[in-house]
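Novice: Starting off with a structure, shown below.
The values are calculated or read from the model by the stated rules, or taken from the named source; none is laboratory data. Note that the structure is predicted; figures quoted are calculated from it, not measured. Here the Cβ positions follow ideal geometry from the backbone for every residue, glycine too, while neighbour counts run over all protein chains shown.
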Amino acid sequence: MTRYGLPTLYLLVVFVGGLGTGVFGDRVYQKRVVDTPAVRLPPEQWKKRHMKDLQERLNLTADQSARISTVLDETHAEMIGLMAKSQPEMERIQKEQYDKVNAILSPAQSAEYAKFHAEREKRRMQNRPPQ
């Protein structure tokens with residue numbers, strides 16, 4: 001090799017190794033970020049964090065904070081009421097979907113679908129935020 005050939009080869013190996021490490025590291029990081037489910041806070045913790053953010057960002061007075069807190073409480077109560085009213089209709093629609101899908105399946109698939117549905121419902125109930 002020439003006088004500059006060996007150092008150039010070392011630099012090329014280091015560069016390619018760094019490039020590969022960077023690409024691989026980015027892929028791993030992106031996968032973890034995308035695969036991490038969003039954590040839903042309980043309503044009181046969410047409100048506390050939201051109020052803190054508003055106070056810091058908007059420099060609210062004590063009176064403004066109290067009034068905004070009341071608005072958030074009223075809105076939350078309305079949303080809970082709306083969800084309670086719509087729950088039976090949503091359950092009816094979900095049951096219709098389940099029945100329609102189940103009608104398409106073979107008996108073996110239907111049994112597996114029932115297990116799948118039960119597991120999914122269990123996970124949904126475990127991940128449900130407290131009200």
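Novice: Please go through (1) under 22 Å from the mean Cα position of the chain (by Cα); (2) closer than 24 Å to Q45 by Cβ; (3) surrounded by 10 or more Cβ atoms within 10 Å (Cβ to Cβ) for R120 and return the number of the only condition it doesn't satisfy.
Specialist: Condition (2) is where R120 drops out.
Novice: Separate question: Can R3 be described as modelled with pLDDT under 90, among the basic types (K, R) and exposed (fewer than 11 other Cβ atoms within 10 Å of the Cβ)?
Specialist: Criteria met by R3.
Novice: In segment 69-115, what count of residues is obtained for those that are closer than 30 Å to W46 by Cα and touching an Asp or Glu at 6+ places or on another chain (Cβ under 9 Å)?
Specialist: Residues meeting the conditions: 0.
Novice: Shifting gears a bit: Are there any pairs, at least 6 apart or on different chains, whose C-beta atoms fall under 8 Å, with the first in segment 41-65 and within 13 Å of H76 (Cα to Cα) and touching a residue at least 60 places away in the same chain (Cβ under 8 Å) and the second part of a loop (DSSP other than H, G, I, E, B) and among the polar types (S, T, N, Q), and if so, which?
Specialist: P43/Q131
Novice: Here is a further query. When you check L9 against the structure, is it modelled with pLDDT of 90 or more, over 30 Å from R123 (Cβ atoms) and hydrophobic (A, V, I, L, M, F, W, C), yes or no?
Specialist: Against the criterion (modelled with pLDDT of 90 or more, over 30 Å from R123 (Cβ atoms) and hydrophobic (A, V, I, L, M, F, W, C)), L9 does not qualify.
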